[in-house]
1. How many of the residues in the range 192-217 are within 28 Å of Glu259 (Cβ to Cβ), open to solvent by 40 Å² or more (accessible area, probe 1.4 Å) and either touching a helix residue (DSSP H, G or I) at 6+ places or on another chain (Cβ under 7 Å) or not acidic (Asp, Glu) (or both)?
2. Need pairs with beta-carbon distance below 9 Å; first residue farther than 23 Å from Leu174 by Cβ and within the range 200-229, second at pLDDT below 95 and of a type in the set (Asp, Glu); sequence gap 6+ or separate chains.
3. Read through the list (1) surrounded by fewer than 16 Cβ atoms within 10 Å (Cβ to Cβ); (2) farther than 22 Å from Trp111 by Cβ; (3) at pLDDT 90 or above, then give the number of the only condition that Gly178 fails.
4. For the subset of the range 234-271 comprising residues that are outside any loop (DSSP other than H, G, I, E, B) and among the small types (Gly, Ala, Ser), which member is farthest from His219 (Cα to Cα)?
5. Please go through the range 30-51 and pick out each residue that is closer than 19 Å to Pro275 by Cα, in contact with a helix residue (DSSP H, G or I) (Cβ under 6 Å, 6 or more places away or on another chain) and not polar (S, T, N, Q).
6. What strands (runs of 3 or more DSSP E) lie completely within the range 8-126 and have 1 or more residues being modelled with pLDDT under 95 and hydrophobic (A, V, I, L, M, F, W, C)?
7. Checking His162 against (1) of a type outside the set (Gly, Ala, Ser); (2) within 27 Å of Gly27 (Cβ to Cβ); (3) in contact with a helix residue (DSSP H, G or I) (Cβ under 9 Å, 6 or more places away or on another chain); (4) outside any helix (DSSP H, G or I), which test does it fail?
Amino acid sequence: MGNTGEMIDLHRYATALTIAGSDSCGGAGIQADLKTFSALGVYGMSAITAVTAQNTLGVRSVQAVETKVIRDQIEALFDDFTIDAVKIGMLYEAETVRLVAELLERYRPRWVVLDPVMISTSGSKLLQDDAIAEIVKSLFPQVYLVTPNVPEAEHLSGMPLHTPEDMDGVAGRLLEMGCRAVLIKGGHLEGEQKTDRLYIPTEKPVGFVHETIDTRNTHGTGCTLSSAIAACLALGYPLPDAVSKAEKYLAEALRAGKEVMAGHGHGPVNHFYSPQKLVKQSVEK
């Protein structure tokens, strides 16, 4: 209520939290997530699980953040903000996976997108072996969507994936393992077109076909897509629409940055090719 007695409508920003590792060169990890959230009009927050020393050529070292500090980051944010969506990326250690699962169960955010980060674009290992089994056990039942690429989907399912048709069996296996929905990303498959497929139980698979963009600037594409989906869910889009809008955003970001030299290896996409203003939502009274 203002000084003159009139009622004032309260608003807040649409929000998303990334729980992931830091990429010192800014193309992937929490840096890519926060850029993506911002570009799509969503207020972004972060809880850092690990610090990496890397550039576009590769990862030089990884330092896990103490679980107490990770816990404090996540609790501090949930205790203060209304968080519309959560994106989970690099967790690195099994202990961190268990902690994140515990906190998700406590706070129960509506939308959670898990990008099961295992290997960087340059080929560096970003997830310890015992953490993979813990992700399946603890996180699969709690997240809303899992977004593996081809190598990750093969590793998690134990099944080969060589063609878009193979996605059906792999996705079925992942759903049996506890996932509520799966988006398999076909960027590693050969062909002039790339196919991603969204699988939701009891519904027909939804395919997203896009042309192969000739560029080496693919650093952080997985992080960018999953965080774009989380952002669109935070904005209120149903899952198929959220994935569709995120796919289009990534394709345009790749296209806008395809000929730009940023580093000497796999450079980043252009996250800010068309940034949006932060979206305000009414606060429930």
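1. The total comes to 5.
2. Every condition considered, the pairs that remain are Glu211/Glu192; Thr212/Glu192; Thr215/Glu259; Asn217/Glu259.
3. (2)
4. Narrowing the range 234-271 to residues outside any loop (DSSP other than H, G, I, E, B): 234, 239-256, 268.
Going one step further and asking which of them are among the small types (Gly, Ala, Ser), we end up with 234, 242, 244, 246, 251, 253, 256.
Details: Ala234: 24, Ala242: 22, Ser244: 21, Ala246: 17, Ala251: 13, Ala253: 12, Ala256: 14 Å.
Selected residue: Ala234.
5. Answer for the range 30-51, where residues must be closer than 19 Å to Pro275 by Cα, in contact with a helix residue (DSSP H, G or I) (Cβ under 6 Å, 6 or more places away or on another chain) and not polar (S, T, N, Q): Ala32, Asp33, Phe37, Leu40, Val42, Gly44, Met45.
6. The strands (runs of 3 or more DSSP E) meeting that bar are 58-64.
7. (2)
The values are calculated or read from the model by the stated rules, or taken from the named source; none is laboratory data. Because the structure is a prediction, the values reported are computed rather than measured. In this analysis, Cβ positions are derived from the backbone assuming ideal geometry, glycine residues included, and neighbour counts consider all displayed protein chains. What goes into the accessible areas is simple: the full protein's heavy atoms, side chains included, and nothing from ligands, DNA or RNA. Shrake-Rupley method; radii C 1.70, N 1.55, O 1.52, S 1.80 Å.
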